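Let me begin by presenting the structure, written as structure tokens, before commenting on it.
The values are calculated or read from the model by the stated rules, or taken from the named source; none is laboratory data. Just so it is clear, the model here is predicted, and its values are computed rather than measured. Note that we place each Cβ from the backbone using ideal geometry, even for glycine, and neighbour counts take in every protein chain shown.
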Amino acid sequence: MKHSSPFGALLVGAALLTAPVAAQAQTAIAVARAAALNSTVSVRGVVTNGAELGPIRYLQDGTGGIAAYSVSALTNIQVGDSVAVVGTLISFNGLLEISPVTSITVLASGRTVTPVTVPVAQAASVFAEQYESQLVRIDGNTSITTSAGAPASTFSGNANYRLNGNAATALRVNAASTGTTGIVGKPVPTAGFDVVGLMSQFNPMGVGGYQLLPRLYDDFILGGTPNITSAPVVTNITTTSLEIDFTTQNPGDGRVEYGLSPTALTQTAVSSAPAGTQHAVTLTGLQPATVYYVRINSTNAVGTSVGRVVPVITQSLSSGRMRPWFTNSVDHAYAWPASNLAVDVQTAMRDSVAAVIDRAQQTLDIAIYNWNDNTILNAVIRAKTRGVQVRVAYDGTIANVSAQALAPNGIPFIERNTMRGIMHHKFLIVDANSTDPNRPLVWTGATNWTPGQLTIDRNSAILVQDQSLAKVYTMEFEEMWNSTGATPGSAPKFGPLKTDNTPHYLKIGNTEVQSWFSPTDGTNTRLIETINTADNDLHFASMLITRSDLALALRNRIQSQNILTCSEGLVNDTSGAGASPFRTIRAFMGPRLQYYNNAGIMHHKYLLVDVAGSDPTTWESSHNWSNGAETDNDENTLVIHNARITNQYYQEFAQRMQDQNAGVVLCQLRAMGIANPLAGSTRLSARVYPNPTSGRFTVETSAAQRGSVQVELLDLNGRRVLTTTTTATPEGAIGLDADPLPAGLYHLRVTSAAGTQFGRVSVVK
């Protein structure tokens, strides 16, 4: 298949092809639509969509609309561009397209197109050939449901929906419509609304299959009520309080109903701020490590908008200790501080898992994809023998040799055995509901419990001592288990049968953590959001990348932030479906993206953002970067905002890159020509703004760095191009002037009696 379908993601190219308009005379779009298939057509029209629909652009003139498709030629074509297009007329699953595009010329920009507008009672009339590729608006809608007619709360990418419960008025959300203005991840309208979109078509038979394509979230016109436009985000989490943040389209008040049950929201908290569109409501008087259910709402003179009920959780009284484990060697030379050594257990990974299981006193829940190890099995049997309640979920589509010993030992279990999707978790939970908050443990990561995975393959796991996280993972387990008791329910729920029913925002010790489960929580969108926080450096080790949107997100963020010399990637599988996304990134990153070529499998699924930046972040997951992980599989992900943990993962990543022996120099620690520049620094980075700069800029250091400060700028070869000694303000601010320097990327080193800090400065002219 060449491109977009209801079942696949769009593939997007990278370059704009422009060429003079061919000598062939331009015709009206209606005339071109009537031409013979495979003939050359030349049209002029106004573009009605951008990259939010992928590599396709819809054109419209006064006579009709038509689509143009190209992986590369249309990349920089924007909404409102007036363009002349020459190419071949084809039918792609019923949709008339110009493909390939042999010539495109931008004639003007900033043009507008007025949509064809109908009331909801006439909605079906625009789902017809005469409106194909035109911009249409349907007023007075009341609901959006899934393609099966079930309630929908949050939009997913590459998903079909019913408008007003009518299968004949299909609405489709493209996976490329992401970010702040995109549709993916946004709440489905719950009150009266109008909707604008492009009338497209997809039917392999070429007849019917019309579907409305909204482009961005503002294509849903929600009227005068406040209209909630974001899911609630939880911040400022403590053991007794938390803050609920959300936004509305129109001004209104902010309030939150909450309680201990989704059906008993007995308390209400109200924001003291004036009516507006940004809302922050604080809940107080809460209990530690407790799940509360909240419903956001906002009222103005027109009416009230209400969100769906979602769970949140307070901070626990646990230690919050975290420790990653790696199956192979790491490079401790990259440890910061020098004592922050990553643990490479190598052949002892199975013993580490068994030791965690041996800690269980009350309950032990296991969700494992592939299990064939007697050391771990014996630990589970020991737990059962000493009276621990043991529950196991595993995938039934593979051998799972150790799981065959569960029934003979009286251990209850469930297995997922479906034609589509797998139970891909690799986690265990110990004593989630213990009265001692320092007993609950969660072990999770990428490592299956098989001989190869536990020893030879490159794998990771993380152990977290936190009761709140243990309760969150228990909620995921018990949804699959279909019971809160020792015996599973009669209808286990896996994959798409599950719901988004767990808290996502946690405070573990002093660390902010996010928890996401697939396929219900929009994990791929969260991954792109994490990628888009990279300001200083970005590193990823992923077994495979088969999604083009992820490949583009990586390329675009590295490119936009000018951090290629401080970014690297490692991929195990570049074949098959993953070949195109790999090539997309490799074409930009060159040797800084490596295909793993050593012993075993590079089985990681982690991402490291700003290891040497202001918000070091680790993405640790069972979730491969694939369509199956996003839409079908049971997966789990942790996003950990912690410099110490991120540095430990970086020690592992540094060793894996060195194993490749490809001559790639890891920039953060070596571009300045010193062995370990992070050692002894008061914090990992200094903040620089504005950045990029064309002249003067400010360096913001830690409060400890007051008094005399030496500032150095070094080019990418490690040569000093600026050295000055100055005095920081009481707030730690230093003013500098980059005007004499040529355009380029520079490393910043700030040294005082308190230590050394580092940053990066991009100078533009």
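Matching residues to (1) surrounded by 21 or more Cβ atoms within 10 Å (Cβ to Cβ); (2) out of contact with any helix residue (DSSP H, G or I) (no Cβ under 7 Å at 6 or more places or on another chain):
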residue: V86; (1), (2): yes, yes
residue: N93; (1), (2): no, yes
residue: S103; (1), (2): no, yes
residue: V118; (1), (2): no, no
residue: E129; (1), (2): no, yes
residue: S133; (1), (2): yes, yes
residue: I144; (1), (2): yes, yes
residue: L163; (1), (2): yes, no
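Given the residues I228, I221, I244, which is the only one that is of a type in the set (A, V, I, L, M, F, W, C), more than 21 Å from L95 (Cα to Cα) and at pLDDT 95 or above?
Numbers: I228 fails: at pLDDT 95 or above; I221 fails: at pLDDT 95 or above.
The match here is I244.
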Considering only residues that are over 15 Å from W325 (Cβ atoms), of a type in the set (S, T, N, Q) and in contact (Cβ under 8 Å) with a residue 24 or more places away in the chain, which ones fall in the stretch 648-667? Q658, Q660
T88 passes all but one of the listed conditions (1) closer than 19 Å to A28 by Cβ; (2) touching a residue at least 60 places away in the same chain (Cβ under 8 Å); the exception is number (2)
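Residues in the stretch 708-726: is at least one at positive phi, of a type outside the set (D, E, K, R) and at pLDDT below 70? Steps first, please.
Narrowing the stretch 708-726 to residues at positive phi: 718.
Checking which are of a type outside the set (D, E, K, R) leaves us with 718.
So of that shortlist, the ones also at pLDDT below 70 come out as 718.
Yes, some residue in the stretch 708-726 is at positive phi, of a type outside the set (D, E, K, R) and at pLDDT below 70.
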Residue ID - surrounded by the most Cβ atoms within 10 Å (Cβ to Cβ), chosen from residues in the stretch 535-550 that are modelled with pLDDT of 95 or more and of a type outside the set (A, V, I, L, M, F, W, C): S542
Where R308 falls short, out of the listed (1) farther than 21 Å from T142 by Cα; (2) surrounded by fewer than 19 Cβ atoms within 10 Å (Cβ to Cβ): (1)
If we keep only residues of the stretch 321-343 that are surrounded by 23 or more Cβ atoms within 10 Å (Cβ to Cβ) and more than 22 Å from M602 (Cβ to Cβ), then the residue modelled with the highest pLDDT is M322
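When only residues in the stretch 488-528 that are free of Cβ contacts under 8 Å to residues at least 40 places away in the same chain and not hydroxyl-bearing (S, T, Y) count, which is surrounded by the most Cβ atoms within 10 Å (Cβ to Cβ)? First the steps, then the outcome.
Going residue by residue through the stretch 488-528, those that are free of Cβ contacts under 8 Å to residues at least 40 places away in the same chain are 489-491, 493, 497, 499, 520-521.
Those left that are additionally not hydroxyl-bearing (S, T, Y): 489, 491, 493, 497, 521.
Details: G489: 15, A491: 8, K493: 17, L497: 15, D521: 25.
Only one residue tops the list, namely D521.
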Of (1) modelled with pLDDT under 95; (2) surrounded by 15 or more Cβ atoms within 10 Å (Cβ to Cβ), L171 fails just (1)
First in the stretch 49-60 and within 17 Å of Y131 (Cα to Cα), second anywhere and in a loop (DSSP other than H, G, I, E, B) and hydroxyl-bearing (S, T, Y), Cβ under 6 Å, 6 or more apart: Y58/T48; Y58/S133; Q60/T48
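Suppose we keep only residues that are of a type outside the set (S, T, Y) and in a loop (DSSP other than H, G, I, E, B) within the stretch 521-548. Which one would you say is nearest to I601 (Cα to Cα)? Step through it out loud before you land on a result.
Kept after step one, since they are of a type outside the set (S, T, Y), are these residues of the stretch 521-548: 521-522, 524, 526-529, 531-532, 534-541, 543-545, 547.
Now restrict to residues that are in a loop (DSSP other than H, G, I, E, B): 521-522, 532, 534-537, 547.
Details: D521: 28, G522: 27, N532: 28, A534: 27, D535: 30, N536: 29, D537: 25, R547: 20 Å.
Among them, the one singled out is R547.
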Could you go through the stretch 487-505 and let me know if any residue there is in contact with a strand residue (DSSP E or B) (Cβ under 9 Å, 6 or more places away or on another chain), aliphatic (A, V, I, L, M) and assigned by TED's automatic domain parsing to the domain that holds A367. no
Looking at the stretch 304-320 only, could you name the residues that are in a strand (DSSP E or B) and either acidic (D, E) or under 27 Å from V388 (Cβ atoms) (or both)? P311, I313
Counting only residues in the stretch 196-222 that are touching a Gly at 6+ places or on another chain (Cβ under 9 Å) and among the aromatic types (F, W, Y), the one surrounded by the fewest Cβ atoms within 10 Å (Cβ to Cβ) is identified as F202
Give the residue, chosen from G197, G223, G185, G209, that is under 16 Å from F155 (Cα atoms) and in contact with a Phe, Trp or Tyr (Cβ under 9 Å, 6 or more places away or on another chain). G185
For I456, work out the one condition from (1) of a type outside the set (S, T, Y); (2) out of contact with any strand residue (DSSP E or B) (no Cβ under 6 Å at 6 or more places or on another chain); (3) under 23 Å from Y292 (Cβ atoms); (4) in contact (Cβ under 8 Å) with a residue 40 or more places away in the chain it doesn't fulfil. (3)
Selected residue (only one of S82, S143, S147, S153 is of a type outside the set (F, W, Y) and in contact (Cβ under 8 Å) with a residue 60 or more places away in the chain): S153
Do you know which residues across the stretch 419-441 are aliphatic (A, V, I, L, M) and within 22 Å of the chain's Cα centre (by Cα)? I422, M423
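Quickly run through the stretch 500-520 and pick out the residues that are β-branched (V, I, T), part of a strand (DSSP E or B) and within 22 Å of Y293 (Cβ to Cβ).
Of the stretch 500-520, the ones β-branched (V, I, T) are 502, 508, 511, 513, 520.
Adding the requirement that they be part of a strand (DSSP E or B) leaves 508, 511, 513.
Of everything in the stretch 500-520, those that are β-branched (V, I, T), part of a strand (DSSP E or B) and within 22 Å of Y293 (Cβ to Cβ) turn out to be I508, V513.
Scan the stretch 174-187 residue by residue and report those that are surrounded by 20 or more Cβ atoms within 10 Å (Cβ to Cβ), out of contact with any Asp or Glu (no Cβ under 9 Å at 6 or more places or on another chain) and in a loop (DSSP other than H, G, I, E, B). Before the answer, list the steps.
The initial filter retains those residues of the stretch 174-187 that are surrounded by 20 or more Cβ atoms within 10 Å (Cβ to Cβ), namely 174-178, 182-187.
Applying the additional criterion that residues be out of contact with any Asp or Glu (no Cβ under 9 Å at 6 or more places or on another chain) yields 184, 186-187.
The answer is V184, K186.
What strands (runs of 3 or more DSSP E), lying completely within the stretch 223-303, carry at least 1 residues that are in contact with a strand residue (DSSP E or B) (Cβ under 8 Å, 6 or more places away or on another chain), touching a residue at least 40 places away in the same chain (Cβ under 8 Å) and surrounded by 17 or more Cβ atoms within 10 Å (Cβ to Cβ)?
Working: elements: 233-235, 242-252, 255-259, 267-270, 276-283, 291-299.
Passing ranges, in order: 233-235, 242-252, 255-259, 276-283, 291-299.
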Residues that are closer than 23 Å to V207 by Cβ, of a type in the set (G, A, S) and in a loop (DSSP other than H, G, I, E, B), drawn from the stretch 124-147: A128, S133, S147
